[in-house]
Amino acid sequence: MKDNTRSTKRKQSIVAGALVSSAGIFFAKLIGLIYAIPFNNILGTNVNVEYYAITQSLYMYLLNVCQAGFPFAIATLVARYTTKGDYKTSIFVKKLSTRLMISLGFVMMLLFMLFSKPIAHMMYDGAGSADDLRWAFVGSSFALFFVPILSSMRGFYQGLKEMEIYSLSQVLEQLANASFVLIASSIAVYIFHGDHIWTVYFGVFSTSVAAITAMIHLKFYDRKRMKEIRRLAHEQAFENKIESREILKELLYVSIPFMLIALLGYSDSIINTLFLQKGLKGHGLSGSEITLISSTINYKVVKLMSIPMVLAPGFSSAIIPHITSAITQHNMKQVRKNIRDCIDIVLYIALPVSFCLYVFAEPLIVTLFPPEHAKDIPAVAQIIRWFSIVAFLDTMTPIVTNLMVATGLRRNSVRNTTIQVVVKFALSYIMLVKFSYQGLVFSTVISAMLNISISLYELTKHHDIQWKYTLHRLFVILCGCGILWILAQLCFHLGLRGNYEAGRGMAFIQMAFAGGISCIGYFAFTYVFHLPQTLLHLDFAVLFKKRKRG
């Protein structure tokens with residue numbers, strides 16, 4: 001009985017759900033970073049890195065649109081009906097949504113295949129061949145069929161607030177992805193002596209293999225979990241006449257705002273890719289400089305930015321079912337608490353992690369993604385430092401927009417995101433020509449801050465939220481980042497710089513030591529001001545007391 005109570009409490013906590021989801025995504029991203037080290041070596045040249053990066057950028061954009069639309073709508077409806085005790089309708093939502101995602105995935109796969117050639121020629125103007133990029137697009141198109149189906153299956157368990165299975169599924173998917181791409185690429189390049197371009201093709205096709213693996217895992221879990229759901233549906237005390245048309249309307253009504261926001265909000269990387277090479281040419285850079293900057297931004301920056309950005313999908317996944325349940329129960333006090341908790345925790349984790357990208361940019365590049373020539377390391381590290389600002393903003397923006405949608409401010413959120421995209425699109429090329437790659441950062445800062453500022457104002461006004469404690473915590477977090485920086489500089493001064501001369505292995509050890517000391521300093525400082533205790537419910541005094549009692 002106690003175990004059931006604890007499980008229920010965990011499901012009822014938006015903080016616990018968000019952290020479990022974020023942890024799963026974090027481990028998935030960590031696996032991605034680890035396998036990226038040998039994968040980067042197998043890719044070989046900057047041109048191949050550029051092919052893979054551009055393909056992943058476009059694929060992830062299309063995928064984020066799919067994942068932000070119907071899966072979130074599925075989670076919303078499942079959370080709403082299970083809160084009411086209507087399990088029959090929840091089962092029907094699962095069946096209908098799977099059919100919808102099969103149809104949507106097939107259409108997207110077909111369209112991406114058909115338009116792969118003109119898109120490749122439009123997006124690529126580098127030293128390689130646009131036709132090679134086109135075949136990479138074709139290889140990634142299959143995932144647009146499988147991944148939406150997988151997302152609908154995850155959306156059902158997301159709606160049930162079972163974030164453990166949601167997270168485990170993502171870790172398994174990434175493990176399958178890493179295993180396939182490394183084994184297949186190594187066989188093609190080192191055993192059959194094929195061209196390194198095959199690494200790109202296997203790299204983009206591996207997402208399909210990974211999605212199928214995760215689907216099989218969820219199907220096995222379905223066998224056990226759906227028995228309980230069907231039993232609850234059979235014992236349901238009331239009958240609710242299920243109309244396919246009405247459920248479809250609800251799915252569309254909830255999913256379209258999410259889809260529009262994803263379509264607009266995740267366009268940042270597409271706009272960057274669209275204007276990057278032409279803008280850098282306009283700035284007067286050489287072909288080799290453009291290739292280095294483009295491959296760094298589209299691949300290395302994206303990989304490193306994904307570290308703090310795991311909080312965005314993690315918290316977004318938890319926001320939907322928890323706030324939907326609170327609104328269904330007309331518990332506005334809980335809604336306000338959920339909003340503040342989300343913002344506070346994301347600030348507490350995302351700010352220092354993004355700042356670490358700035359502080360440890362060079363050792364991160366040396367250990368994870370060393371460029372072809374050692375002389376390029378300082379330039380690549382400087383790009384990482386600039387984009388650490390974007391990493392933080394790209395973590396915060398989806399959280400704020402999803403809070404808007406989840407609390408009924410759909411139109412406002414779509415409007416604010418549209419403003420962000422228009423400003424970003426208008427400024428990107430002009431600022432690239434004027435400031436080089438830093439112009440992309442300036443355009444993102446201006447457009448994202450505009451969206452975040454307006455959205456937070458409207459959330460505050462509509463829900464009567466008080467931000468007094470959030471501002472106090474933000475000040476402590478910023479001071480904690482200052483402590484982090486001081487400790488990192490002391491470590492660097494003692495020779496723990498993690499630079500190229502130390503060698504890749506020693507650079508990693510030095511970075512891990514300096515980073516560990518700096519992060520412990522941040523945690524200790526904020527612990528004095530009770531931030532981990534309040535936000536993460538991590539109180540060592542309480543834990544020690546429980547251990548003594550045990």
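What shape does the range 394-550 have by the C-alpha gyration tensor, where a ≥ b ≥ c are the square roots of the eigenvalues, rounded means a/c under 1.5, and otherwise prolate means a/b greater than b/c and oblate the rest? The shape class here is oblate. Only DSSP H runs of four or more residues enter the estimate; each adds -39500 (n - 2.57), and after division by the residues of the chain the mean residue ellipticity at 222 nm equals -29000 deg cm²/dmol. Quick one: compute a quarter of the convex hull surface over the Cα atoms of the range 189-242 and quote it in nm². So the Cα hull casts an average projection of 6.3 nm². Scanning the chain for long hydrophobic helices, with DSSP H runs required to stretch 24 angstrom or more by C-alpha along their axis and to average at least 1.6 on the Kyte-Doolittle scale, returns 14-43.
Order these by the 10 Å Cβ neighbour count, fewest first: Thr273, Thr395. Intermediate results must be reported in sequence, preceding the final value.
On the way: Thr273 19, Thr395 26.
In increasing order of surrounding Cβ atoms, one gets Thr273, Thr395.
Matching the structure-derived Cα extents along the principal axes in Å against the labelled list [x] 70, 57, 46; [y] 80, 61, 59; [z] 76, 55, 43 gives the label [x]. One chain, two ends: Arg411 and Glu243. Fully extended at 0.36 nm per residue, the span grows by 57.8 nm beyond their Cα-Cα distance.
Between Ile261, Val476, Thr207, the Cα set farthest toward the positive side of the dipole of the chain (charges on each charged residue's Cβ, about the Cα centre) is that of Val476. Find how much the distance from His472 to Ile183 grows on full extension, using 0.36 nm per residue of separation minus their present alpha carbon separation; answer in nm with one decimal. Answer, rounded to one decimal: 99.0 nm.
Annotation for Leu450 and Ile102: the two label points, set 7 Å from Cα along the Cα-Cβ direction, are 4.4 nm apart. Taking each pair of different alpha-carbon atoms in the range 374-467 once, compute 1/r for the pair, average those values, and report the inverse of that mean as the Kirkwood hydrodynamic radius in Å to one decimal. About 14.5 Å for the range 374-467.
For Leu110 and Met332, calculate 0.36 nm times their separation in residues minus their Cα-Cα distance, and state this gained length in nm to one decimal.
Values: separation 222, 0.36 × 222 = 79.92 nm, distance 4.41 nm.
The span from Leu110 to Met332 would gain 75.5 nm if fully extended.
Basic side chains Lys and Arg get +1 at the Cβ, acidic Asp and Glu get -1 at the Cβ, and with that the dipole of the chain about its Cα centre reaches some 2160 debye.
If contacts are Cα pairs under 8 angstrom and at least 6 residues apart, what is the relative contact order of the chain in percent?
Over the chain, the number comes to 20 percent.
Here r is the Cβ-Cβ distance between Phe513 and Arg385 and R0 is 22 Å; the resulting FRET efficiency, rounded to 0.05, is 0.60.
Quick one: of Lys95/Lys249; Lys94/Lys337; Lys375/Lys434; Lys84/Lys224; Lys84/Lys161, which pairs are farther than 19 Å apart, Cα to Cα? Beyond 19 Å: Lys94/Lys337; Lys375/Lys434; Lys84/Lys224.
Taken together, the values in this text are just the output of simple stated rules run on the coordinates, not laboratory data. Worth saying up front: this structure is predicted, and the values here are computed from it rather than measured. For neighbour counting, all protein chains shown are included, and Cβ atoms are generated from backbone atoms with ideal geometry for every residue, glycine included.
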